[in-house]
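The values are calculated or read from the model by the stated rules, or taken from the named source; none is laboratory data. It should be emphasised that the depicted structure is a prediction, and the values quoted were computed from it without experimental measurement. Positions of Cβ are generated from backbone atoms using ideal geometry, with glycine treated the same way; all protein chains shown enter the neighbour counts. Quick note on the areas: whole protein, heavy atoms, side chains included, nothing else; ligands and nucleic acids left out. Shrake-Rupley method; radii C 1.70, N 1.55, O 1.52, S 1.80 Å.
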Amino acid sequence: MWRCLRSALRSLRGSPAASPQGGGGRPPAAMERAVVRCVPSEPKLSLQFVLPDGSARHMQRDQAEPLGRALARIATNAAKGHGKAGKKSKKARAEGGAEGGAEGEAAVPAVRLFSRDGAAVAEEVPNAAAWQDGAVLHIGDARYRVERNPPSLTELSLPRSLLAGFPVCPKVSAEFAAPQHCVFRWFREQRPAGGGYAAGEAWVETAAAERVFTPSNALVGLRLKLRCTPGDGEQRYGPAREVESSGPVEAGPGACTFDARHLYTQKVCGHGYVRAVSYNILADTYAQTEFSRTVLYPYCAPYALEIDYRQNLLKKELAGYSADLICLQEVDKSVFVESLAPALDAFGLEGLFRIKEKQHEGLATFYRRDKFSLLSQHDIAFSEALLSEPLHKELCEQLAKYPLVQEKVLQRSSVLQVSVLQSTADSSRKLCVANTHLYWHPKGGNIRLIQIAVAMSHIKHVACDLYPSIPVIFCGDFNSTPSSGTYSFISSGGIAEDHEDWISNGEEERCSMSLSHPFKLLSACGEPAYTNYVGGFHGCLDYIFIDRNALEVEQVIPLPSHEEITTHHALPSVSHPSDHIALICDLKWK
C-alpha cells in the first residue's frame, strides 16, 4: 500500500486538486502532500512526504511520542537531503572546472506544524493528536498539507475470464475508503480500422460508470480497462489505480438455464418478505479431476468445467435472483475470497464462509446488508461438536455402542454454518439461518442421521436457548431424498429406532436409536423431481426448510424445465454451472 502512496506522492507534485474525475489526490496551490497513516490499533503512525530535492521520505513514529521529536527528525532528514544534493552539485562544478566554495554544507531547516486554523501545534502534543487532516507542515520554505488516512486502494483486480452478456465484477479492497464510494470508469480497447494497430489513443472510455460492468457482444475480442478512484463518502478521494484485463472479452454461451427464472426475481422483495436461495455450486476441487471429466461428467465440454468459465455463469445467476439470503455448498475457499464475495458484495450482499475440516471447500452464507445485520455466528464441525460439547453428550454415549458407525461419523469433515440475523427494519424480527452439506455416500443414511441429529440439537441451542423462539431457515444439500430417514426426521420432528436407514450399510453397521427435535419444519420448495441431475443419477437432495410457525411460502421460483436441463444431456453444461439446481423461494413473515 505504501508503495502505491509513494508513487502517488511523486506523480502528484504540482498536480491539480484531488477529484474523482482527475484521479489524483493533492491539495490546491503549490502545497505538497504529507500523507499520514494513523490507526488506533497500531503503536506507530507513518508519515510520507517528498523533500524539495525530490527525495521521498517514509517515517515511522510512535503515536505517543511528543511531536517535537518527530519534527526534529524531519529537520535532520531534510538537512541530510539538502547536503547530499549540495555535494552532487559541488562535484559537478568541480568536474566542470568551477570552484565549489562552501556550498553543500547543510543548514538544518526550521520545521513546524500548524493546525488547520493556523495555530502552531505545541511540541509536547503526542503525534497521534498532532497530525490532523488539514494541518500544514513547514520544512524551511516548503509547505505540506497533511492528509491523514486518505482513501487508498490496496487491491484492484479483474476476473481472468470475461464473457459478453455476463457481469464483470472487480475485486476492490481499500483502506479508509469503501467500494460504494469509489468512482469507477471503464475503458475498452480501440478496435483498429482494417486490422493492425490503432493510431493514437489505445483505449476508449465506455458510458459505464458503475462498479459492475456487463460487456456487450460488440466488445468481443477486445480487452477492458478499469480506472478506480477510492473515496470515503466525505468528498475525499485518493490516487486512482488502473487495471487491464489479462485477455479479451469472449462470446457468451447464449441462453442459460436460469434466464427464465430471472424473470420472477427482477426486484428485491419488500421488508416483510425474505427471498432465500440454496445451491450446491460444485466445487472446483471436484469438477477438475480426471474422474469427473471422464466418468461423472463426460458429456460436459471440458472448457465448461473450468472454474473461470463456471464463475461467469454463477455470478450472473446468483446476482439475477435478487436474493436476501443465499446459502451455498461446495464453495472453494479461493472462489469465495477471490470471486463470489467481491461479486456479491457489489450487489449488496455480505458473505460468511466456513471451510470443512481438512478440506479446500466449505459453506457460504450471504445476506442482504440493507435488510439484515449479523448478530452472531455459531458454526460447528459435526465430529468435533459431538465429542466436545455437553449438548451432545447423550447422543455421543448412544453412538459409542456402535463403534464401526462411530468411527465413520468422526472421520467425516462435514460442518454446519449457523448465523443469527436481525432485520434492519424491525429489530424484533430475527432469523436463525443454518446451512449444511451432509455426508454424500448412497449407503450413508445412518451417518447422515447422526449428523442431522447433531445439527438439530445445535440449532435448538441457538434458536431456543440463546435467542428464544426465533424462526429457523435451514438450507443445504442434505444428500437425502424425500423417502429418506433424514428428510423424515427433519420434517416430522422424530425418527424411530427401527427405521430402515439405521441399517443403510448393512446389519454389521446397524445403529438404532430414537431421535427427536422440537421444530415444525416445512420444505418450502416442496419435493421436486430432482435438484441434482447427472448422467448416472437424478433426484431431490436439496431443501430449504422453514419454521412453519413463523414463516409461510409466498412463491416458489419454478425450476428449469426438463428440456432445458437435458439440452446438453445433463448437468453441468455450457449453460449451467453446477450439477445441482438452485432452490429459490419467497417467504413471508406471519
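Checking the a/c ratio against 1.5 first, then a/b against b/c, what shape does the Cα gyration tensor give for the stretch 254-399? Since a/c reaches 1.5 but b/c is at least a/b, the shape of the stretch 254-399 is classed as oblate.
Taking the C-alpha atoms only, the angle from helix 67-95 to the longest principal axis of the chain is near 60 degrees. Between helix 307-320 and the chain there is an angle of about 80 degrees, using the helix long axis and the longest principal axis of the Cα atoms. Note the angle between two axes, namely the Cα long axis of helix 2-11 and the longest principal axis of the Cα atoms of the chain, as a number of degrees from 0 to 90, rounded to the nearest 10. Rounded to the nearest ten degrees, it is 40.
When the charge dipole of the chain is built from unit charges on Cβ atoms (+1 for Lys and Arg, -1 for Asp and Glu) and taken about the Cα centre, the candidate among PRO52, ALA453, TRP203 whose Cα reaches farthest toward its positive end is PRO52.
Output the antiparallel fraction of DSSP beta bridges having both residues in the chain, as a percent to the nearest 5. For the chain, the DSSP antiparallel bridge percentage is about 85.
Averaging 1/r over each pair of different alpha-carbon atoms in the chain and inverting the result gives 27.9 Å, the Kirkwood hydrodynamic radius. Relative to the compact-globule estimate of 2.2 N^0.38 Å, the Cα radius of gyration of the stretch 258-589 comes out at 0.95.
Accessible surface calculations at 1.4 Å, restricted to protein heavy atoms, place the chain at 43 Å² per residue.
Rounded to the nearest 20 debye, the dipole size of the stretch 258-589 about its Cα centre is 640 debye, using +1 on the Cβ of Lys and Arg and -1 on the Cβ of Asp and Glu.
Sparse packing (at most 16 other Cβ atoms within 10 Å of the Cβ) combined with a DSSP loop state is found for the following GluC sites (Glu not before Pro) in the stretch 177-268: GLU201, GLU210, GLU234. Of interest is the spacing of the C-alpha centroids, which for the stretch 477-543 and the stretch 208-272 amounts to 41 Å. Label sites at THR294 and ALA255, each approximated as a point 7 angstrom past Cα along Cα to Cβ, lie 3.5 nm apart.
On the basis of the beta-carbon distance and an R0 of 22 Å, ARG369 and GLU155 show a calculated FRET efficiency of 0.60.
The slack between SER514 and GLU175, meaning 0.36 nm per residue of separation minus the straight C-alpha distance, is 116.6 nm.
A compact globular protein would have a Cα radius of gyration near 2.2 N^0.38 Å; the ratio found for the stretch 205-257 is 1.46.
Relative contact order of the stretch 258-589: 21 percent, from C-alpha pairs under 8 Å at least 6 residues apart in sequence.
Highest mean first, how do 316-324, 153-161, 507-515 rank when packing is the count of other Cβ atoms within 10 Å averaged over residues?
On the way: 316-324: 22.3, 153-161: 17.9, 507-515: 14.8.
Averaged packing, sorted descending, gives the order 316-324, 153-161, 507-515.
Computed 3J(HN,Hα) for the stretch 486-493, one whole-Hz value per residue from the Karplus formula 6.51 cos²θ - 1.76 cosθ + 1.60 where θ = phi - 60°, is 4, 4, 4, 4, 5, 7, 9, x, glycine and proline marked x. Modelled spin-label separation between HIS262 and GLU397, with each label point placed 7 Å from Cα along the Cα-to-Cβ direction: 5.6 nm. Averaged over residues, the count of other Cβ atoms within 10 Å places the peptides 463-470, 283-290, 452-459 in the sequence 452-459, 283-290, 463-470, highest first.
How big is the charge dipole of the chain about its Cα centre, in debye rounded to the nearest 20, if each Lys and Arg gets +1 on its Cβ and each Asp and Glu gets -1 on its Cβ?
Dipole magnitude for the chain comes out near 2720 debye.
The label-point distance for MET31 and GLU497, in a model that sets each label 7 Å from Cα toward Cβ, rounds to 8.2 nm. Extension gain for GLN377-ALA120 works out to 87.6 nm (0.36 nm per residue, less the C-alpha to C-alpha distance).
Computed on the chain, with alpha-carbon pairs under 8 angstrom and 6+ residues apart, the relative contact order is 11 percent. The loop-placed GluC sites (Glu not before Pro) in the stretch 115-150, going by DSSP, that have at most 16 neighbouring Cβ atoms within 10 Å of their Cβ come out as GLU123, GLU124. Note on the stretch 258-589: dipole from Cβ charges, positive end direction compared against LEU395, VAL337, GLY539; the farthest Cα belongs to VAL337. Subtracting the Cα-Cα distance of TYR286 and GLN60 from 0.36 nm times their residue separation leaves 76.6 nm of extension gain. Projecting the Cα positions of HIS271, PRO43, PHE353 onto the charge dipole of the chain (unit charges on Cβ atoms of Lys, Arg, Asp and Glu, taken about the Cα centre) puts PRO43 furthest along the positive direction.
Rounded to two decimals, the Cα radius of gyration of the stretch 332-429 over 2.2 N^0.38 Å is 1.37.
Counting protein heavy atoms only, the chain has 51 percent of its accessible area on carbon and sulfur, 1.4 angstrom probe.
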